[in-house]
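A.B. asks: I have a structure here, written as structure tokens, and I will follow up with some questions on it.
The values are calculated or read from the model by the stated rules, or taken from the named source; none is laboratory data. Quick caveat, the model's predicted, so the values are computed rather than measured. Note that each Cβ is placed from the backbone with ideal geometry, even for glycine, and that neighbours are counted across all protein chains shown.
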Amino acid sequence: MRIGLAGGGTDVSPYSDLYGGAILNVTISLYARATLEWTDRDNIEILALDRGEAQTYPLQAALPIDGQLDLVKGVYNRLKREGKLPANGMRISTHVDAPAGSGLGTSSTLMVAILGAFAEACKLPYGEYDLAHLAYEIERKDLGLAGGKQDQYAATFGGVNFMEFYAEDKVIVNPLRVKSEYLDELENNLLLYYSSTSRESAKIISVQQKNVADKNVKSIEAMHQLKEQAQQMKEALLRGKLDSIGEILDYGFQQKKKMAEGISNAWLEEIYETAQKAGATGGKISGAGGGGFMIFYCPGNTRHQVAQALANLGGTVQPYQFTLSGIKSWSAS
């Protein structure tokens, strides 16, 4: 999964199509996993192990898209339609380390994992851009799930990336060569906090999309500023200006709230103010907003007092490490 550091929301159409978007993100040690097993049965079993959900269907050309385990079904239906699946029975098992709606790109990361498992099992020759783009197409177009483009590319490529988004689904992933000591300090100072609430990102994103389509000046200008924030964050990381990261995060958070209603609320504002009073110099809501995870930049050793202050609000601090690799798949006999 990933932490979005800057530019969040500018990867969403129609903004990215009209103006071009830019995002800086980094992957972390929370994962989505998918296992594909061929069976000698004439059916398809789908198991969501972390959620205790299971569905079984007879072998068929297309599985029903009905809100039940649709990510797996979406991959199956696309690959079946394109003639890339054998007529085998199969069992697909998934597990995700964070709850849905938590703001770390859970659904898109899982989509990449599922597609990666099928690609490995069926020996499909997908490069990184191919895999990420296909995951995006299945999730956003085939299944009609609202959202941006960064999560599929983050999960596929991994590491610290400055991503650019343009019309016609053009995406450029620029891996950043950040010095290890800068990354270590960032990891030490960046606190990841789960607010113990989740949200349906599609609703917030739909409002954001409507604001752009309606030429809402306030919303569009906020997105312009977030795109500029991504450039500022890139410079700060590459040049080691870590003391400015809190201020850059705070600036982006204030801009993000102007994009659409529901991105923040009284509860999230209380969390944010509590973190600042305890020593954080800035932070943001991860993902579309409305709940889920938040991140805070805590210079020096202030992360400990910030964590203690936030613990009193009922949420939890999530341990993590940055990861520098993307999707991994393998076959086991």
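A.B. asks: How many residues are at pLDDT 90 or above and either of a type in the set (Lys, Arg) or not in a strand (DSSP E or B) (or both) if we restrict to region 260-300?
C.D. replies: Of the residues in that region, 17 qualify.
A.B. asks: Among the residues of region 15-49, how many are of a type in the set (Val, Ile, Thr) and touching a residue at least 60 places away in the same chain (Cβ under 8 Å)?
C.D. replies: The qualifying residues number 5.
A.B. asks: Select from region 172-199 the residues that are in contact with a helix residue (DSSP H, G or I) (Cβ under 6 Å, 6 or more places away or on another chain) and part of a strand (DSSP E or B) and list them in ascending order.
C.D. replies: Selection gives VAL173, LEU191, TYR193.
A.B. asks: So which residues in region 100-118 are out of contact with any Lys or Arg (no Cβ under 7 Å at 6 or more places or on another chain), of a type outside the set (S, T, N, Q) and part of a helix (DSSP H, G or I), if there are any at all?
C.D. replies: Taking region 100-118 first, the residues out of contact with any Lys or Arg (no Cβ under 7 Å at 6 or more places or on another chain) are 100, 102-103, 106-112, 114-118.
If we keep only those that are of a type outside the set (S, T, N, Q) as well, we get 100, 103, 110-112, 114-118.
If the condition is that a residue be out of contact with any Lys or Arg (no Cβ under 7 Å at 6 or more places or on another chain), of a type outside the set (S, T, N, Q) and part of a helix (DSSP H, G or I), then LEU110, MET111, VAL112, ILE114, LEU115, GLY116, ALA117, PHE118 are the ones that fit.
A.B. asks: Within region 17-33, which residues are within 17 Å of the chain's Cα centre (by Cα) and surrounded by 14 or more Cβ atoms within 10 Å (Cβ to Cβ)?
C.D. replies: Looking only at region 17-33, we keep the residues that are within 17 Å of the chain's Cα centre (by Cα), and these are 21-33.
Within region 17-33, GLY21, ALA22, ILE23, LEU24, ASN25, VAL26, THR27, ILE28, LEU30, TYR31, ALA32, ARG33 qualify.
A.B. asks: Which pairs do you get when a residue that is farther than 22 Å from SER29 by Cβ and assigned by TED's automatic domain parsing to the domain that holds GLY127, found in region 148-177, comes within reach of a residue that is polar (S, T, N, Q) and in a loop (DSSP other than H, G, I, E, B), reach meaning Cβ atoms under 6 angstrom, with the pair 6+ apart or on two chains?
C.D. replies: That search, which allows pairs on different chains as well, returns nothing.
A.B. asks: With respect to LYS215, is the statement that it is farther than 18 Å from SER286 by Cβ and either in contact with a strand residue (DSSP E or B) (Cβ under 6 Å, 6 or more places away or on another chain) or in a loop (DSSP other than H, G, I, E, B) (or both) true? Full working, then the answer.
C.D. replies: On the way: farther than 18 Å from SER286 by Cβ: yes; either in contact with a strand residue (DSSP E or B) (Cβ under 6 Å, 6 or more places away or on another chain) or in a loop (DSSP other than H, G, I, E, B) (or both): yes.
Taking the combined requirement at face value, the residue satisfies it.
A.B. asks: Then there is this: May I ask you to list pairs of residues, at least six apart or on different chains, whose Cβ atoms are under 7 Å apart, with the first in region 61-72 being in the same structural domain as ASN88 (by TED's automatic domain parsing) and the second being among the acidic types (Asp, Glu)?
C.D. replies: Sorted first by the residue in region 61-72, then by its partner, the pairs are LEU69/GLU53.
A.B. asks: Checking ALA48 against (1) touching a Ser or Thr at 6+ places or on another chain (Cβ under 7 Å); (2) buried (at least 22 other Cβ atoms within 10 Å of the Cβ), which single condition isn't satisfied?
C.D. replies: Result: ALA48 fails condition (2) only.
A.B. asks: Output the residues belonging to region 221-240 that are within 14 Å of LEU24 (Cβ to Cβ) and in contact with a helix residue (DSSP H, G or I) (Cβ under 7 Å, 6 or more places away or on another chain).
C.D. replies: LEU226, GLN229, GLN232, MET233, ALA236, LEU237
A.B. asks: I've got another one for you. So which of GLY127, GLY101, GLY83 is surrounded by fewer than 23 Cβ atoms within 10 Å (Cβ to Cβ), within 23 Å of the chain's Cα centre (by Cα) and free of Cβ contacts under 8 Å to residues at least 24 places away in the same chain?
C.D. replies: On the way: GLY101 fails: free of Cβ contacts under 8 Å to residues at least 24 places away in the same chain; GLY83 fails: within 23 Å of the chain's Cα centre (by Cα).
GLY127 is the lone residue from the list that is surrounded by fewer than 23 Cβ atoms within 10 Å (Cβ to Cβ), within 23 Å of the chain's Cα centre (by Cα) and free of Cβ contacts under 8 Å to residues at least 24 places away in the same chain.
A.B. asks: Considering ALA121, ALA222, ALA155, which residue is outside any loop (DSSP other than H, G, I, E, B), of a type in the set (A, V, I, L, M, F, W, C), crowded, with 22+ Cβ neighbours inside 10 Å and modelled with pLDDT of 95 or more? Explain how you work it out, then say what you get.
C.D. replies: Details: ALA121 fails: crowded, with 22+ Cβ neighbours inside 10 Å; ALA222 fails: modelled with pLDDT of 95 or more.
Unique residue meeting the criteria: ALA155.
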